[in-house]
Amino acid sequence: MTQPSTRDVPVLIIGALLPSLQEAVETHFDATRFWELPDQNAWLAQHGDRIRAIVTSGALGASSEVIGKLPNLEAIFSFGVGYDSIAVDAARDRGIVVTNTPAVLDDCVADTAMALTLDVMRRYSEADRFVRAGKWTQGKFPLASKIGGKKIGIVGLGNIGESIAKRAAAFDMEVLYHNRKPKAGVSYHYYADLDAMISDCDVLVLAVPGGKSTEGLIDAKRIGLLGSKGFLVNIARGSVVDQSALIQALQEKRIAGAGLDVYEDEPNVPQALIDLPNVVLLPHLASGTHETRQAMGDLVWSNIQGYFHDERKVLTPVG
C-alpha cells in the first residue's frame, strides 16, 4: 500500500544535520531551517503553530522556550545519544514524543575512550610533539605509565560503558565500575560508593549522561581522590566535570593527566588546558566515523518514518 505523503507536514530543523538526513527531511517534509531565520522569535510567533515535529541533534537540542512556542508539536527527533540539551520534561508534560540514537554509536565512542586512555597514559601525543619538535636528537623521551594491570574505573556502565570495559579488559586492565545499582550479567567489580572507586582506580573514565543529575559530579574533591598518578578520561559531557578544578589539579600535578573529548563550553577550550602537556584534547569526535554517523542518520530517519507512517511507532523513544 502506498504511504501517504508527508510533503505538507511542517517540521523545524534546528541546525545543520548529516547531509543525507537533512536531504531526506527536506525532500519529504515541509522543512524550515531554523538556524537560517533572520528573526527566529518573529517567525515562531507567526508560524510556530504549524510545526508538528522538530529534527535536531544532541549538540543543538530543543529548548523549553522553542517548544513552548510550538503549540501543535508532536515529536522531537534527535541525532545523538545524549539528550540533556532537549527540554525532555517540557516535552513529556505535553505528550510530545522524543527520540535519540542509542546503541549505534557505542563502539566508536568506546574506541575513543580507550584511545584517550592509551594516549594520555602512554603519552603518545606528547611523544609525537617531541619528535616533530626535533627533540629526539637531544635525548630520550621520558617514561610513561603501563596500561596492563592497571585499574580502570568506569562511571556509568550503560551500553557505552560496557563497551569501554570490554576493550579495557582486552588490554589486561582490571575493570571497576560505579552505577546506581549493580548491572546484571557482568563480572566487573561494582562500587556503590563513587569516592571509593575513584580512590582505588588508576584511570577514571566518565560515560554518564549529561544533565542536571550529573552536573559537577566530578568536583574538586573527587578529582583529588585520583592522586598524583591518576588519570581522568571524559567522553561523557563537559558538564560532568568541574573544569576549573580539573585545570588547577593538572597544573599543580595533583593528578597525572587527562584525556578529554568534551568541555564545559564547546567549542571554546580554555587556553589553560591547551597549554598543558599532560592533556590530550579532542574536538568532541567520539562518534565521528562515516559508518557511525550514517547509522545515526538512518536511525533518526527510521524514527521519523515510524512516527508518520506506522501509527507513531518509533524505535528509540527517550524515557
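The values are calculated or read from the model by the stated rules, or taken from the named source; none is laboratory data. Remember, it's a predicted structure, so these values are computed and weren't measured experimentally. FYI the Cβ positions are ideal-geometry reconstructions off the backbone, even for glycines, and counts take in every protein chain you see. Areas reflect the complete protein model, heavy atoms only, side chains present, ligands, DNA and RNA absent. Shrake-Rupley method; radii C 1.70, N 1.55, O 1.52, S 1.80 Å.
Annotation: average projected area of region 1-53 is 4.1 square nanometres, based on the convex hull of Cα atoms across all directions.
Separation of region 36-61 from region 275-310 is 22 Å, based on Cα centroids. The residue list 216, 256, 199 was ranked by how far each Cα lies along the charge dipole of region 183-271 toward its positive end, using unit charges on Cβ atoms, and 199 comes out on top. Multiplying each eigenvalue of the alpha-carbon gyration tensor of region 95-156 by 5 and taking the square root yields semi-axes of 37, 16, 8 Å, largest first, rounded to whole angstroms.
Given R0 = 45 Å, the distance between the Cβ atoms of residue 26 and residue 166 translates into a calculated FRET efficiency of 0.70. Over region 26-105, Cα pairs under 8 Å with separation of 6+ residues give a relative contact order of 26 percent.
Let's see if you can work this out: charge +1 on each Lys and Arg Cβ, -1 on each Asp and Glu Cβ, no other charges. What is the dipole magnitude of region 20-143 about its Cα centre, in debye to the nearest 20? Kindly include the intermediate steps, with their values, before the conclusion.
Working: 12 positive and 17 negative charges, 136 e Å.
The calculated dipole for region 20-143 is roughly 660 debye.
On the protein heavy atoms, probe 1.4 angstrom, tell me the percent of accessible surface of region 207-319 carried by carbon and sulfur. Within region 207-319, the accessible surface is 51 percent carbon and sulfur. Each Cα pair of region 190-319 feeds into the Kirkwood radius, which the Stokes-Einstein equation turns, at 25 °C and 0.890 mPa s, into a diffusion coefficient of 148 µm²/s. Taking only alpha carbon atoms, region 132-174 gives an Rg to Rh ratio of 1.26, where Rh is the Kirkwood radius.
Using a cutoff of 8 angstrom between alpha carbon atoms and counting only pairs six or more residues apart, the relative contact order for the chain works out to 16 percent.
The peptide list 127-139, 18-30, put in order of mean Cβ contacts within 10 Å with the highest first, becomes 18-30, 127-139. With one equal scatterer per alpha carbon and no solvent term, the Debye-computed log10 I(q)/I(0) for region 29-74 at 0.21, 0.34 1/Å reads -0.72, -1.55. Going through [x] 45, 20, 16; [y] 31, 23, 20; [z] 40, 21, 18, the figure that equals semi-axes √(5λ) of the Cα gyration tensor in Å as computed for the structure here is [z]. Average 1/r across all pairs of distinct alpha carbons in region 12-125, invert it, and you get the Kirkwood radius: 15.6 Å. Evaluated with a Cβ-only charge set (Lys, Arg +1; Asp, Glu -1), region 210-319 carries a dipole of roughly 380 debye about its Cα centre, given to the nearest 20. The residues of region 96-146 present an accessible area of 56 Å² per residue when probed at 1.4 Å with all protein chains retained. Enumerate the residues in region 219-248 having an amide nitrogen under 13 Å from the point lying 7 Å beyond the Cα of residue 196 toward its Cβ. Under 13 Å, as judged by backbone N against the label point of residue 196, lies no residue of region 219-248.
So what's the back-of-envelope 222 nm ellipticity for the chain, counting only DSSP H runs of four-plus at -39500 (n - 2.57) apiece and dividing by all residues, rounded to 500? Provide the component values of the computation, followed by the final result.
Numbers: 12 runs with 113 residues, N = 319.
That calculation yields -10000 deg cm²/dmol at 222 nm.
Would you mind giving the average projected area, over all directions, of the Cα convex hull of region 97-220 in nm² with one decimal?
Working: hull surface 41.6 nm².
Seen from a random direction, the Cα hull of region 97-220 projects 10.4 nm² on average.
Using the Karplus relation 6.51 cos²θ - 1.76 cosθ + 1.60 with θ = phi - 60°, the per-residue 3J(HN,Hα) values for region 205-211 come to 10, 9, 9, 9, x, x, x Hz, with x marking Gly and Pro.
Entry note, region 77-191: relative contact order of 21 percent, from Cα contacts under 8 Å with a spacing of 6+ residues. Between residue 128 and residue 33, the modelled label-to-label distance comes to 3.3 nm, taking each label 7 Å out from Cα in the direction of the beta carbon. Largest first, the residues 178, 290 sort by 1.4 Å accessible area into 290, 178.
Would you mind working out the magnitude of the charge dipole of the chain relative to its Cα centre, with +1 at each Lys and Arg C-beta and -1 at each Asp and Glu C-beta, to the nearest 20 Debye?
Numbers: 31 positive and 38 negative charges, 198 e Å.
Dipole size: approximately 960 debye.
Judged by the mean number of other Cβ atoms found within 10 Å, the most tightly packed of the peptides 247-256, 50-59, 73-82 leads the ranking 73-82, 50-59, 247-256.
Beta bridges assigned by DSSP with both partners in the chain are antiparallel in approximately 5 percent of cases.
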